[in-house]
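K.L.:
Can you keep this structure in mind? I'll have questions shortly.
The values are calculated or read from the model by the stated rules, or taken from the named source; none is laboratory data. Note that the structure is a prediction, hence the values are computed from the model and not measured. Cβ sites come from the backbone with ideal geometry, for glycine too, and all protein chains shown count toward neighbours. Surface accessibility is based on the protein's heavy atoms, side chains included, excluding ligands, DNA and RNA. Shrake-Rupley method; radii C 1.70, N 1.55, O 1.52, S 1.80 Å.
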Amino acid sequence: MGRRVLISGYYGYGNFGDEAILSVLTDRLHRLGSDITVLSHSPFSTSRTYGVKSVKNFNILSVLLAIMSCDVLVSGGGSLLQDVTSSRSLWYYSFIIKCALMFKKDVVIFAQGIGPIQNENAKVKVLDMLRQCKLVSVRDEKSQAYLKAEGIDAILVSDPVFSVELPQNLSTGAVGIQLRSFRSVDDAFLFALAQQIIDNFIERKIELYVFQESLDLPICKKFEKMLKTIYPKINTEIVNLKSQNDIIVRISQLEYMIAMRFHAVLVAIKTGVKTIAITYDAKVAKLAYDALLPIITISIEDDMTQSFERVKQLNSEELIQYANAQTFDWKLFDDVLA
């Protein structure tokens, strides 16, 4: 039996990207023979899906008992230590880490994006906390540079989902659209995007992908209605699958993808789907830049025409080669977790 590992992150909320990271992490830990427990919003579902023990994430007594019983706390991935989304998130994930440190547990920061932290007092406490961790790994150069300036040695890693073996593209010719609710995604932007879809892909099936039902399904329905308003005969389907593997297989069968979410872009290019990234977030912009993808910014002043022309010129094999080069190095983690 390996070490007893407790995992803390944004798990059990039905978010495709976070669940994909958890799948990769638990698979690796199973191979190491670890005894795995996950803090989750939906413990029964998490336990059944990943073959692990699971504890309700906001049941403080159960959480404390889980921390006391583990050998290692793995915090991540994602953007957990920030207060832009909400200060509650920063407080909660910091509390878990601080408790683990207090109980003398090894703490691993797993492929996180650190910050921004606007509250100066909270920033000082988080940095002090990170200095006490066994291993700090970050997913972007900005987080690494920020921590280095504060005297914290953080290793830079690629997204763990890059390490997953995915099916290669067997295209049906369909076009995928993956949208999420976001403050600057207004009707004018959506209508301009819908017009481009009609102009470029009027004869193709349009599949609208839901990666997190609460944020994605309403906007997918709105966008589908816009498409049908412009061209009533257009063939559309809202793809709202619960299985990560089923979503990945469907994406791999697309010819084109226009996506907002980071892991929608990642999975698409890893399976050779020609992709436009809607750069609502810095991490999406960075991935698009590195993979040489055409981009759309969330602005009605942005001329989308060039991006739709560029995506048709992409080479599927070159996208796959780029994705396969983004290897995730498990060696340092194995040394701590095994």
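K.L.:
Could you check region 269-293 and list, in sequence order, the residues that are open to solvent by 60 Å² or more (accessible area, probe 1.4 Å) and among the hydroxyl-bearing types (S, T, Y)?
P.N.:
Y289
K.L.:
Here's a check for you: in region 294-338, which residue that is in contact (Cβ under 8 Å) with a residue 40 or more places away in the chain and more than 27 Å from E255 (Cα to Cα) is most open to solvent (accessible area, probe 1.4 Å)?
P.N.:
D329
K.L.:
Within region 3-11, is even one residue assigned to a strand (DSSP E or B), without any contact (Cβ under 8 Å) to a residue 40 or more places away in the chain and in contact with a strand residue (DSSP E or B) (Cβ under 9 Å, 6 or more places away or on another chain)?
P.N.:
no
K.L.:
Which of the residues belonging to region 251-268 are surrounded by 19 or more Cβ atoms within 10 Å (Cβ to Cβ) and either out of contact with any Lys or Arg (no Cβ under 9 Å at 6 or more places or on another chain) or assigned to a helix (DSSP H, G or I) (or both)?
P.N.:
Answer for region 251-268, where residues must be surrounded by 19 or more Cβ atoms within 10 Å (Cβ to Cβ) and either out of contact with any Lys or Arg (no Cβ under 9 Å at 6 or more places or on another chain) or assigned to a helix (DSSP H, G or I) (or both): I251, S252, I258, A259, F262, H263, A264, V265, L266, V267, A268.
K.L.:
For region 54-61, does any single residue satisfy the condition of being surrounded by 22 or more Cβ atoms within 10 Å (Cβ to Cβ), closer than 24 Å to D334 by Cβ and at pLDDT 95 or above?
P.N.:
yes
K.L.:
Please determine, by comparing only the residues of region 269-315 that are charged (D, E, K, R) and part of a helix (DSSP H, G or I), which one is farthest from the chain's Cα centre (by Cα).
P.N.:
The residue in question is E309.
K.L.:
For region 12-57, which positions are touching a residue at least 60 places away in the same chain (Cβ under 8 Å) and assigned to a helix (DSSP H, G or I)?
P.N.:
F16, G17, D18, E19, A20, I21, S23, V24, L25, R28, L29
K.L.:
Spot the failing condition for R139; the list is (1) within 20 Å of the chain's Cα centre (by Cα); (2) closer than 21 Å to R250 by Cα, and only one is missed.
P.N.:
(2)
K.L.:
All but one of (1) within 23 Å of the chain's Cα centre (by Cα); (2) surrounded by fewer than 24 Cβ atoms within 10 Å (Cβ to Cβ) hold for V5; state the number of the condition that does not hold.
P.N.:
V5 satisfies all of (1) within 23 Å of the chain's Cα centre (by Cα); (2) surrounded by fewer than 24 Cβ atoms within 10 Å (Cβ to Cβ) except (2).
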